[in-house]
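Contents: one structure, followed by commentary.
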Amino acid sequence: MDLPQLLLVGLVLLLGVLGVMVPGVPGTWLVWAGVLWWALHERSGRAWTLLVAATALLLLVQVVKWLLPPRRLRGIGASRRMAAYAGAGAVLGFVLIPVVGTVPGFVGGIYLCERRRLGTHGEAWSSARTVMRAAGTSILIELLACLTVAAAWSGVVLTGP
């Protein structure tokens, strides 16, 4: 694989790692697709080994990501209504402050839902923090896995054949 293609694969991996932190961007899939693209062109034992290891790690992270946080959210009474408020807040935040406003809008939607449900500021804020911790844990797990795959790819590419 020549240098321009390696740079493009590196760019896809970087976009994937950054995409993990942006709601709605399939960061994990971009990282995996970058490694797949590289492995299909490289066709070496090290490339296939990295692709298999990356696939296993990223699939494991998807399972962990979907199993752990919902248990926490169920404990605080997360509902479809909360998801609707959070989604509407994220969309409204995106419209009012493009891209950057998505996260504050999401948190604001959760807070508003909990304020209506629980009644007091303290309880609503505590519940919103718990939801954000659960979501943050999920994002950090996914980010760590994507960074691990990107670092492994960089190591294989830099060490050469």
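Computed from the coordinates by the stated procedures, all read-outs in this text should not be read as laboratory data. Fair warning: this is a prediction, and the values are worked out from it, not measured in the lab. Using ideal geometry, Cβ is built from the backbone for each residue, glycine included, and neighbour counts are taken over all protein chains shown.
As a test of the definition: which semi-axes, in Å, follow for the range 7-53 when you take the square root of five times each eigenvalue of its alpha carbon gyration tensor? Largest first, please.
Whole-Å semi-axes of the equivalent ellipsoid: 22, 10, 6.
Would you compute the Debye intensity of the range 76-161 from its alpha-carbon atoms alone, equal scatterers and no solvent, and pass along log10 I(q)/I(0) at q = 0.11, 0.18 Å⁻¹ to two decimals?
Rounded to two decimals, the profile gives -0.43, -0.78.
With a cut-off of 8 Å between alpha carbons and a minimum separation of six or more residues, what is the relative contact order of the range 3-159 in percent? Before the final figure, lay out the partial values.
Working: 167 pairs, mean separation 37.6, N = 157.
24 percent.
Tell me the label only: which of [x] -0.26, -0.77, -1.57; [y] -0.31, -0.85, -1.37; [z] -0.39, -0.83, -1.23 is log10 I(q)/I(0) by the Debye sum over Cα atoms at q = 0.09, 0.15, 0.21 Å⁻¹ as calculated from this structure?
Identified label for the calculated read-out: [z].
Report the Cα centroid-to-centroid distance between the range 1-50 and the range 104-161 in angstrom, as an integer.
23 Å
Based on Cβ point charges of +1 for Lys and Arg and -1 for Asp and Glu, what charge dipole magnitude is obtained for the chain about its Cα centre, in debye rounded to the nearest 20? Don't skip to the answer; put the middle values down first.
Values: 13 positive and 5 negative charges, 160 e Å.
Charge dipole, the chain, about its Cα centre: 780 debye, nearest 20.
In the range 70-161, with Lys and Arg counted as +1 and Asp and Glu as -1 at Cβ, which of these residues, THR137, ALA124, VAL156, has the Cα nearest the positive end of the dipole, that is, farthest along it?
Sorting the options by dipole projection puts first ALA124.
For the chain, what does the helix formula give at 222 nm: sum of -39500 (n - 2.57) over DSSP H segments with n ≥ 4, over the residue count, nearest 500 deg cm²/dmol?
Values: 6 runs with 137 residues, N = 161.
Computed mean residue ellipticity for the chain: -30000 deg cm²/dmol.
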